[in-house]
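Down below is the structure, laid out as structure tokens.
The values are calculated or read from the model by the stated rules, or taken from the named source; none is laboratory data. This one's a predicted model, so the numbers in the text were calculated from it and none came from an experiment. Heads up, the Cβs are rebuilt from the backbone with ideal geometry, glycines too, and the neighbour counts pull from every protein chain shown.
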Amino acid sequence: MTADVTDLMKKLVSLCKRRGYVFQSGEIYGGLQSSWDYGPLGVELKKNIETSWWNFMVSARPDIVGMDSAIITHPDVWKASGHLKNFHDPMVDCMKCKGRFRLDHIEGDRCPDCGGPLTEPRDFGLMFKTQMGALEDDSATVYLRPETCQSIFVNFRNIVTATRQKLPFGIAQIGKAFRNEITTRNFIFRSREFEQMEMEFFCLPEEAEKWFEYWIDERMKWYYGLGIKSGNIRTRSHDDSELAHYANSCFDIEYTFPFAAGGWGELEGIANRTDYDLKAHIEESGQDLTYLDQINKKKVVPYVIETSGGIGRTLLAVLLDAYREEEVEGRERIVLGLHRTLAPIKAAVLPLSKKLSGNAIEVFDLIRPHFPVQFDETGSIGKRYRRMDEAGTPFCITYDFDSLDDNSVTIRERDSLDQIRIPVETLIEKLKDLMDNGWSAEQ
């Protein structure tokens with residue numbers, strides 16, 4: 001990475017720790033590599049991303065239902081899916097610095113970190129293996145799921161029976177997955193424990209291409225809705241050498257992650273998985289996972305269009321896209337310009353003086369049932385504004401000495417720094433309008 005990229009990532013990681021977005025797991029013991037804990041603001045941002053995805057993909061649509069499956073899955077699932085056979089990467093080690101790398105991430109025959117010689121490649125299994133039950137032998141071997149989609153496929157018949165969905169329809173879930181990655185780096189971009197937002201859309205084979213194109217467009221709409229700038233996101237088609245064994249076509253949605261090779265890194269994959277998965281589970285289990293096409297009066301094995309994105313990568317893209325440094329009246333301020341729907345704290349109540357805290361608390365209590373709100377009375381009003389700017393809070397509400405007489409407060413908007421003064425009695429209504437419609441120059 002260049003110095004500018006390294007500096008940016010250091011600044012963002014520092015902000016995430018300082019403001020309670022992301023902490024390294026087990027930090028007091030030196031930290032566990034590639035493991036991250038989400039702090040008070042991070043867990044709220046993550047929840048807001050999940051809620052936005054669920055509303056967009058499930059709640060707002062009649063043709064997609066949800067599920068939540070077990071992390072530990074029957075081992076035959078991974079035999080049928082091809083993971084036990086195919087889910088491994090060629091790995092090389094540096095004989096000088098002892099670094100470990102995926103072979104397909106290396107250019108040439110020397111270490112990318114120190115230039116040292118590399119070992120011959122060898123396979124590295126990506127599945128996390130554990131044991132279930134009292135015995136510790138092969139019969140007790142199970143695996144932590146490396147992806148969330150296989151449990152959707154094996155529950156296909158159950159969900160069709162329970163919901164009576166007609167083709168085309170989708171099944172969605174959000175959940176943890178685990179991959180024993182060779183190398184983990186770049187903060188929360190690549191880790192061994194992560195959360196996926198996946199949807200499998202089942203359709204007639206002859207309609208698969210139409211739905212493939214449809215879901216590429218829909219997923220881009222969602223990312224734009226998060227406030228991500230259009231110039232920082234794109235789609236890229238996989239060439240034949242990149243395609244997974246189950247797919248006949250795939251597009252990646254990519255973001256301009258500053259550390260990514262070539263300037264673009266994968267945010268989400270959209271793949272036409274054909275009928276590979278259902279056929280594989282039919283063959284392995286002996287169960288009927290076909291769908292009765294009532295119109296043509298015949299059984300079909302549906303094709304599947306998959307959308308699969310990571311919450312951690314989405315959260316990182318949102319933070320990078322929102323981060324900026326600027327100078328205001330000769331002083332630097334750091335801002336997270338988060339979209340108001342994603343911001344963990346929607347508003348902050350700031351008494352101009354601690355002498356006003358008792359009255360300002362009443363305003364805080366008024367807002368609290370409606371929006372995530374924070375109360376801050378420590379330090380100068382300028383420092384408190386800057387703390388809230390760093391945290392991504394879109395609106396600050398100042399209670400000053402004039403408020404004692406006119407029962408009004410001042411709302412300050414994070415990005416424009418514009419202010420308006422309104423009566424406390426209209427505050428909730430005004431905040432709801434701002435949350436729905438945003439701030440405009442006519443405020």
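For this structure, a couple of remarks:
- Taking segment 333-443 as the region of interest, the helices (runs of 4 or more DSSP H) fully inside it that hold 3 or more residues being in contact with a Lys or Arg (Cβ under 7 Å, 6 or more places away or on another chain) are 381-391.
- Matching entry among 336, 289 (being crowded, with 20+ Cβ neighbours inside 10 Å and not assigned by TED's automatic domain parsing to the domain that holds residue 15): 336
- Leading residue by the ranking (nearest to residue 197 (Cα to Cα)) among those in segment 302-333 that are more than 21 Å from the chain's Cα centre (by Cα) and buried (at least 22 other Cβ atoms within 10 Å of the Cβ): 304
- Selection of segment 75-90 for residues being without any contact (Cβ under 8 Å) to a residue 60 or more places away in the chain and surrounded by 15 or more Cβ atoms within 10 Å (Cβ to Cβ) yields 84, 87, 88, 90.
- Test: residue in segment 109-129 that is basic (Lys, Arg) and touching a residue at least 40 places away in the same chain (Cβ under 8 Å): no
- Verdict on residue 13 being out of contact with any Gly (no Cβ under 9 Å at 6 or more places or on another chain), over 30 Å from residue 387 (Cβ atoms), assigned to a helix (DSSP H, G or I) and β-branched (Val, Ile, Thr): no
- Those residues of segment 45-63 which are of a type in the set (Lys, Arg) and surrounded by fewer than 16 Cβ atoms within 10 Å (Cβ to Cβ), in sequence order: 47, 61
- Checklist (1) more than 20 Å from the chain's Cα centre (by Cα); (2) more than 30 Å from residue 225 (Cβ to Cβ); (3) not in a helix (DSSP H, G or I) applied to residue 80, failing item: (3)
- Residue check, residue 66 outside the structural domain of residue 372 (by TED's automatic domain parsing), within 20 Å of residue 191 (Cβ to Cβ) and either at pLDDT 95 or above or loosely packed, with under 13 Cβ neighbours inside 10 Å (or both): no
- Positions within segment 407-443 being of a type in the set (Gly, Ala, Ser) and either surrounded by fewer than 13 Cβ atoms within 10 Å (Cβ to Cβ) or touching a strand residue (DSSP E or B) at 6+ places or on another chain (Cβ under 7 Å) (or both), in sequence order: 408, 416, 440, 441
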